[in-house]
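Written out below as structure tokens is the structure these notes cover.
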Amino acid sequence: MRTLVSILTATAIFAGCIAAWWFYWPIWRVESHVREHLRTGVATFSSVKYNRATGAGCGYVNAADSRQAPSGTTHFILLPDGSLKFDPSDRVTGNTLQQLEAIRKHSDYLALVYARCG
């Protein structure tokens, strides 16, 4: 009886470790890849998700600038080809053409979010 309980306990622990690896490993890879693209590599992540169907990672990063001060939380998308896209910070100001260009950048980013992160 003890042997059976020991085998079942070991199997449950092994299955738990595999499940944790299965769910956390892609998130860890996304976070480390984003850190490589940042200037300082110092960042705090939140709401990071990995979409297995599209192969894209999405979430929020609060990166520190060169003085180690927080530069603000920004949404990001890590595409399967390794390219990293950040939420455009362009304000919708200026003349009509500048406003349209800023709106186009924002709508392109939102289309990418809905296509890859949804």
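What pairs can you find where one residue is in segment 36-56 and within 15 Å of residue 25 (Cβ to Cβ), the other is of a type outside the set (S, T, N, Q) and in a loop (DSSP other than H, G, I, E, B), and their Cβ atoms are less than 7 Å apart, with a gap of 6+ or different chains?
Final answer for the pair search is 49/117; 51/117; 55/80.
Take segment 77-118 and flag every residue that is in contact with a Cys (Cβ under 8 Å, 6 or more places away or on another chain) and basic (Lys, Arg).
Result: 116, single match.
So that you can scan it fast, the table gives a plain yes or no per residue for (1) modelled with pLDDT of 80 or more; (2) among the aromatic types (Phe, Trp, Tyr); (3) under 26 Å from residue 80 (Cα atoms):
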residue: 10; (1), (2), (3): no, no, no
residue: 14; (1), (2), (3): no, yes, no
residue: 22; (1), (2), (3): no, yes, yes
residue: 29; (1), (2), (3): yes, no, yes
residue: 33; (1), (2), (3): yes, no, yes
residue: 36; (1), (2), (3): yes, no, yes
residue: 39; (1), (2), (3): no, no, yes
residue: 43; (1), (2), (3): yes, no, yes
residue: 47; (1), (2), (3): yes, no, yes
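Give me the pairs: first residue in segment 91-118 and closer than 30 Å to residue 55 by Cβ and touching a residue at least 40 places away in the same chain (Cβ under 8 Å), second residue surrounded by 11 or more Cβ atoms within 10 Å (Cβ to Cβ) and aliphatic (A, V, I, L, M), beta-carbon distance under 9 Å, and six or more apart or on different chains, which are they?
113/77; 115/56; 116/56; 116/77; 116/79; 117/56; 117/77
Report yes if residue 105 is among the basic types (Lys, Arg), under 10 Å from the mean Cα position of the chain (by Cα) and not in a loop (DSSP other than H, G, I, E, B), otherwise no.
Criteria not met by residue 105.
Consider segment 36-63. How many of its residues are more than 21 Å from residue 111 (Cβ to Cβ), in a strand (DSSP E or B) and either among the hydroxyl-bearing types (Ser, Thr, Tyr) or over 11 Å from the mean Cα position of the chain (by Cα) (or both)?
5
Looking at (1) at pLDDT 75 or above; (2) touching a helix residue (DSSP H, G or I) at 6+ places or on another chain (Cβ under 8 Å), can you tell me which one residue 63 breaks?
For residue 63, the failing item is (2).
The values are calculated or read from the model by the stated rules, or taken from the named source; none is laboratory data. Just so we're clear, the structure is a prediction, and the values are computed from it rather than from any experiment. Note that each Cβ is placed from the backbone with ideal geometry, even for glycine, and that neighbours are counted across all protein chains shown.
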